[in-house]
1. Of the peptides 264-270, 309-315, how do they stack up when ordered by the mean number of other Cβ atoms within 10 Å, highest first?
2. For segment 1-89, taking Cα atoms only, what is the radius of gyration to one decimal and the Dmax to the nearest whole Å?
3. Quick one: length gained pulling Asn141 to Thr29 fully straight, 0.36 nm per residue minus the C-alpha distance?
4. For the chain, take the longest principal axis of its alpha carbons; what is the angle in degrees between that and the long axis of helix 143-165, to the nearest 10 within 0 to 90?
5. Between segment 44-77 and segment 264-318, what is the C-alpha centre distance in whole Å?
6. Give me the distance in nm between label points sitting 7 Å out from Cα along the Cα-to-Cβ direction at Leu197 and Glu104, one decimal.
7. Once fully extended, how much extra length lies between Tyr55 and Val234, figured as 0.36 nm per residue of separation less the alpha-carbon to alpha-carbon distance?
8. Take each of the peptides 21-30, 297-306, average the number of other beta-carbon atoms within 10 Å over its residues, and list them starting from the highest.
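Every number in this text was worked out from the coordinates using simple rules, so none of it is lab data. Please read all numbers here as calculations on a predicted model, not as lab measurements. Virtual Cβ from ideal backbone geometry, glycine too; neighbours counted across all protein chains shown.
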Amino acid sequence: MKRLPEITVARGLLTLAGCILICVGVFVTPALLIKLGPMRTSLTSHHETTRQVAYLTIAIGRLSVSLVGTVLVLAGTLLPRIAKARYSRWFIHFQSSFRPSRGEISFAAMFACTAVAMLIFWLEGRIWDEHRYYRVFGSENGFFELGSVVVLITIAVLAGRNAWNFVGATRWRVTLGLLALAAFFAAGEELSWGQHLFHWQQMEIFKGNAQNENNIHNQFGYLFDHVFILGVIVIGVIVPLCACLLPSVYKIGDVLGIPVPSPGLAIGFLLASLFQPYVLKAITGQTFKIRPAEVREWLTLIGIAILMLEISKWRPSPLFQRKTKRRIRSPEKKARDTSESLLVEVSH
């Protein structure tokens, strides 16, 4: 079967993605999300800040995806002209050293962790009493919460090591360094900076927190949780899917310093994203005492740690190759140098 030219595939993907985003911006309303399940908890929350932030997030999100969709449709239409631009020609000739794998081992690791999570859900009501089960697995000092902290510290170490090893690739050092700092900060946030471990009282500055904790990420409802989920779906699932159809996506990731997950890891991220209350209830027909959000977060962070391992053995190429200039001598200069060398030989 004859393969379509890459620019044709790119035009089709850009136009299709743009149309989908425009439809999402027009038709996805708070009422629809409450009916289907996504963000239902935030949109119907008794916590006023959580509810207001959720409605504001949807309003900004609808406007943003509509604008991005319009830009993508225009980009798909004008892509042949864009490809002739100076920087586009540089991008076409840029030789990325990134060679993605299919990610079988990454998928196996994510599938195993997902199976462990499902087993823990299944054990609810079958071992121990309800309070002990929740204390071991679902509490703030439980398995998933502390497990997320351990994985975040692991991500910080792996990202920092990769940034140190990626010599000569400033873009990668910056993004991985920022990821390491963000992971370390997020670990402190998950622990509420020691509030639950040391049984501290909630600080006055954090009054109004959605979970009555000493942290920033719940200070504005569940805004950061929604942004995190969206980022995982886009970068962890949609981008790798597009890369399978359009290999230049890997090159774009290399230029921007953003790692693109393997197809196997992308499936793992998709499995993790399905840990939503409404999805689990539709599959099992019951609600669980453990918050699915904590399990989803734990699985997603494991996926990010695996992504750091996927790129650890790779070394990025420099964006610009240094060219050595050859000294071009004029004919007169060549003749003068030749005569001088002959005179030296005669004198000897």
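1. 264-270, 309-315
2. 18.2, 57
3. Fully extending the segment from Asn141 to Thr29 adds 36.7 nm.
4. Taking Cα atoms only, the helix is inclined about 10 degrees.
5. Centre-to-centre distance over Cα atoms comes out at 23 Å.
6. A separation of 4.0 nm, rounded to one decimal place.
7. Full-extension gain reported as 62.3 nm.
8. Working: 21-30: 15.2, 297-306: 23.8.
Descending mean neighbour count gives 297-306, 21-30.
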